[in-house]
Amino acid sequence: TFRPAPKPGPGEHPLQFNYSIWFSKRTPGNKTSTTFGQHLKFVASFASVEQFWAVYSHLARPSELTGHSDYHLFKEGIRPMWEDDANKLGGKWIIRLKKGLASRCWENLVLAMLGEQFVVGEEICGAVVSVRFQDDILSLWNRTASDQATTIRIRDTLKRVLHLPSNTVMEYKTHTDSLKDHSSF
Amino acid sequence: GTRIVYERAFLMQCRNSPLAK
């Protein structure tokens, strides 16, 4: 069940936005019996840098997760699903990572998002790390897939903050396209 | 209005704060 972020306490550093972390894990065999939303487990919301670390420090790192697991870190009030009003017209940058890189890259991505390093107004919705059997996948969701200046700016910031290997492929996909080819979830 | 911007190094520093436990 969802709990809103507590107000930052004295001495804490407030974030520009409150965020929520969700976790999902797909167990083999139940793909069709339940919908994505039912797999989604709320972890915590936070409003300050210190609250973030208190939550993050207690979570398993992506490299420690097994099977088909995802962390979803979204602005509070945005559900990590395409149906949410904030995501309907949006899209995401997708970055495939060789095994062994996900934990470090995820942390860099999260810190850049919380620290407002993307400088694209209200465009960022959230980020996902998807642990899979082969490669791991990072994605960064934004509101307006048709806003090319914004998506390019997000890509350039991603390159700067993630320190990716030079051969890393980055792909932008609208949520509408992900739905059409059933590649989203 | 003003945006609250934090560099990575600062965020990492806050990790060690007793408030972050």
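Observations
- Within segment A:51-67, being within 14 Å of chain B (Cβ to nearest Cβ) and among the hydrophobic types (A, V, I, L, M, F, W, C) holds for A:52, A:53, A:54, A:55, A:59.
- Being of a type in the set (Lys, Arg), touching a Gly at 6+ places or on another chain (Cβ under 9 Å) and farther than 26 Å from residue A:162 by Cα is true of residue A:26.
- Failed criterion for residue A:38 (all others in (1) at pLDDT below 95; (2) within 14 Å of chain B (Cβ to nearest Cβ) hold): (2)
Per-residue answers, yes or no, for (1) more than 14 Å from chain B (Cβ to nearest Cβ); (2) of a type outside the set (S, T, N, Q); (3) closer than 23 Å to residue A:176 by Cβ:
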site	(1), (2), (3)
A:17	no, yes, no
A:28	yes, yes, no
A:46	no, yes, no
A:49	no, yes, no
A:81	yes, yes, yes
A:86	yes, yes, yes
A:98	yes, yes, no
A:107	no, yes, no
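- Scan chain B for residues that are over 21 Å from residue A:6 (Cα atoms) and either surrounded by fewer than 11 Cβ atoms within 10 Å (Cβ to Cβ) or facing chain A (nearest Cβ under 7 Å) (or both) and the total you get is 5.
- Flag for residue A:112 being closer than 23 Å to residue A:3 by Cβ and either within 14 Å of another protein chain (Cβ to nearest Cβ) or touching a strand residue (DSSP E or B) at 6+ places or on another chain (Cβ under 6 Å) (or both): no
- Residues being at pLDDT below 95 and either of a type in the set (Gly, Ala, Ser) or over 23 Å from residue A:69 (Cα atoms) (or both) - total across segment A:1-35: 2
- The combined condition, being at pLDDT 95 or above, closer than 20 Å to residue A:141 by Cβ and in contact with a helix residue (DSSP H, G or I) (Cβ under 6 Å, 6 or more places away or on another chain), is fulfilled by residue A:46.
- Positions within segment A:157-185 being of a type in the set (Gly, Ala, Ser) and loosely packed, with under 15 Cβ neighbours inside 10 Å, in sequence order: A:166, A:183
- Taking segment A:52-76 as the range and being under 14 Å from the mean Cα position of the chain (by Cα) and under 22 Å from residue A:12 (Cα atoms) as the test, the residues that pass are A:56, A:73, A:74, A:75, A:76.
- Members of segment A:121-156 found to be crowded, with 19+ Cβ neighbours inside 10 Å and either within 11 Å of the chain's Cα centre (by Cα) or within 14 Å of chain B (Cβ to nearest Cβ) (or both), listed by number: A:124, A:125, A:126, A:127, A:128, A:129, A:130, A:138, A:139, A:140, A:141, A:142
- With respect to (1) over 20 Å from residue B:11 (Cα atoms); (2) surrounded by fewer than 16 Cβ atoms within 10 Å (Cβ to Cβ), the lone exception for residue A:59 is condition (1).
The values are calculated or read from the model by the stated rules, or taken from the named source; none is laboratory data. Predicted, not measured: the structure shown is a model, and the values here were computed from it. Glycine gets a Cβ as well: all are built from the backbone with ideal geometry, and neighbour counts include every protein chain shown.
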